[in-house]
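The structure under discussion appears below in the form of structure tokens.
The values are calculated or read from the model by the stated rules, or taken from the named source; none is laboratory data. The structure displayed is predicted, hence computed values, not measured ones. Heads up, the Cβs are rebuilt from the backbone with ideal geometry, glycines too, and the neighbour counts pull from every protein chain shown.
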């Protein structure tokens, strides 16, 4: 299955996540905490609406925790951010992957929390038809990638060949690595926002931390021989005793 479609299906919220916008004095904050999509997550229209609600504040903070999504919707969001008259600051709170990275780089400054992740890769899309249709789709994909490469080279100062090689490899960065590569301007304190996205559509996604071993609790009464008392089993036993 196409990676973009797999990403959207795996991460589709049961109910739309509100974009959420907050304002404090001369600063406003919006939260792009979803897949980038007009139909399934954060859309360009929702970002434009939130920016309009912010009004004439001096600084707009764009908080990001997104696995990416529709590149065209992402570029419309970039245009909306670029049109904001004040200062824009991207704040990568947890995950900034794929189309979300270009949104971050559309801001005047980029901050990334320690413990967050930043990922760049080649554009993905779907094609159907004869050989001419497929060739046309490939040509369109190359043009899309050209725009993305320009975003990355302008921010980092790397050459086009260097960026394309990193995109080919699906490159994941820690906060300090992204800072060293030039994608972000500074690293902030440890992230308190956890990644909850299904990243199985990506080839090199970091593996989640293993769950801590289950706590063993001594039963209040002798257990049958060979009976293992886990925390969950102990709680069930207590509930059974109460009942």
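Which fully enclosed helices (runs of 4 or more DSSP H) of region 1-117 have 1 or more residues being at pLDDT below 90 and crowded, with 22+ Cβ neighbours inside 10 Å?
3-11
Considering every residue within region 137-149, establish whether at least one is free of Cβ contacts under 8 Å to residues at least 24 places away in the same chain, in a helix (DSSP H, G or I), touching a helix residue (DSSP H, G or I) at 6+ places or on another chain (Cβ under 8 Å) and surrounded by fewer than 13 Cβ atoms within 10 Å (Cβ to Cβ).
no
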